[in-house]
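Engineer: Take a look at the following structure, please.
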Amino acid sequence: MKKIILLCAIIFSSLFVLAFSHLTYQDKLQTIATEANQGNSGEITSNTTAQNNDNGPSVVSTTPDSLIDSWSDQKEEDPVLITFFGSESLTYELNTEASWPNIVTENLQQYLSPALLETTIIDAGADSSLEVLESDVLDDVIASQPDILVFEPFMLNNNGELLINDSLESLENMLSIIESELENTDIIIIPPNPLYKAVNYPTQVEELQQYVEENGYTYVNHWVAWPESEDEVLQEYLEDGLPNEEGHQLWATYMTDFLTSEQE
């Protein structure tokens, strides 16, 4: 009887060991399979990345548009509207067609087409900044609804009339009025024409440039195209402190290049 019980115990023990071994083996197989799958998944990601690196990233190459092109694209079949606003430096009295804004208009009409461009010239004459603020001329600027406003602040008119701080404060007030009504307009600020052997005026224009750039506006320094203020050659482009026909042509060439050149 004892032998039978011992034999049964041995058989039961053997079966238990076999069953435990089988279960342990299956568990190991499952663990190996899981790790293999994780490994394969990592290889696929790596290969995909490597393939992308081999081919290079998909990058759309874009070329900056000129200011005119940018607005022309936005307006489609409607004309681009440009307003030139400033002092009597805008107008050549002996031949208004030779005024630099008119020359710029002719140049741009060749660049686009006459039907796709409309320009307005608002000349405040010899008025100082304070006189402009007290007049209705800013209403005319706003009424023109320009896409691009080329604004020549009245630094030349203010010369000898206002301190630079007063000139800049007046400019700030004018810009505030303009921007409140023309939210989508690109504002370009330019200095008046240079003067031969001027003393304080160049410094005032430098302060204008500093103010404009510090406040995030676009400043177009066309003075780089003119002879230096100490150079006698500058007198060949001026008459009574204002641009003559050659001066207007020089100014127009520079502004045309700016408006049609690629913008960063």
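Engineer: Identify the single condition in (1) under 30 Å from Lys75 (Cβ atoms); (2) surrounded by fewer than 17 Cβ atoms within 10 Å (Cβ to Cβ) that Glu214 does not satisfy, given that it satisfies every other one.
Structural biologist: Status for Glu214: all satisfied but (1).
Engineer: Of Gly247, Gly216, Gly241, which residue is out of contact with any helix residue (DSSP H, G or I) (no Cβ under 9 Å at 6 or more places or on another chain) and modelled with pLDDT of 95 or more?
Structural biologist: Numbers: Gly247 fails: out of contact with any helix residue (DSSP H, G or I) (no Cβ under 9 Å at 6 or more places or on another chain); Gly241 fails: out of contact with any helix residue (DSSP H, G or I) (no Cβ under 9 Å at 6 or more places or on another chain).
Being out of contact with any helix residue (DSSP H, G or I) (no Cβ under 9 Å at 6 or more places or on another chain) and modelled with pLDDT of 95 or more holds for just one of Gly247, Gly216, Gly241, which is Gly216.
Engineer: Further question on the same structure: Name every residue in segment 149-179 that is of a type outside the set (A, V, I, L, M, F, W, C) and open to solvent by 30 Å² or more (accessible area, probe 1.4 Å), in order of residue number.
Structural biologist: Going through segment 149-179, the residues of a type outside the set (A, V, I, L, M, F, W, C) turn out to be 152-153, 157-161, 165-167, 169-170, 172-173, 176, 179.
Result: Asn159, Gly160, Glu161, Asn165, Asp166, Glu169, Glu172, Asn173, Ser176, Glu179.
Engineer: Exactly one of these conditions fails for Tyr219: (1) crowded, with 18+ Cβ neighbours inside 10 Å; (2) over 14 Å from Leu195 (Cβ atoms); (3) touching an Asp or Glu at 6+ places or on another chain (Cβ under 6 Å). Give me its number.
Structural biologist: If we test Tyr219 against (1) crowded, with 18+ Cβ neighbours inside 10 Å; (2) over 14 Å from Leu195 (Cβ atoms); (3) touching an Asp or Glu at 6+ places or on another chain (Cβ under 6 Å), just (1) comes out false.
Engineer: Give me the pairs, please: first residue somewhere in segment 63-92 and of a type in the set (Phe, Trp, Tyr) and part of a loop (DSSP other than H, G, I, E, B), second residue anywhere and at pLDDT 95 or above and open to solvent by 40 Å² or more (accessible area, probe 1.4 Å), beta-carbon distance under 7 Å, and either six or more positions apart or on two chains.
Structural biologist: Note: pairs meeting the criteria are Tyr92/Glu245.
Engineer: Test Pro146 against the criterion of being crowded, with 17+ Cβ neighbours inside 10 Å and touching a Phe, Trp or Tyr at 6+ places or on another chain (Cβ under 7 Å), and give yes or no. Steps first, answer last, please.
Structural biologist: On the way: crowded, with 17+ Cβ neighbours inside 10 Å: yes; touching a Phe, Trp or Tyr at 6+ places or on another chain (Cβ under 7 Å): no.
No; evaluated as a whole, the condition is false for this residue.
The values are calculated or read from the model by the stated rules, or taken from the named source; none is laboratory data. A quick note: this is a predicted structure, and the numbers were derived from the prediction, not measured. Note: ideal-geometry Cβ built from the backbone for every residue, glycine included; neighbour counts use all protein chains shown. SASA here: full protein model, heavy atoms, side chains in, ligands and nucleic acids out. Shrake-Rupley method; radii C 1.70, N 1.55, O 1.52, S 1.80 Å.
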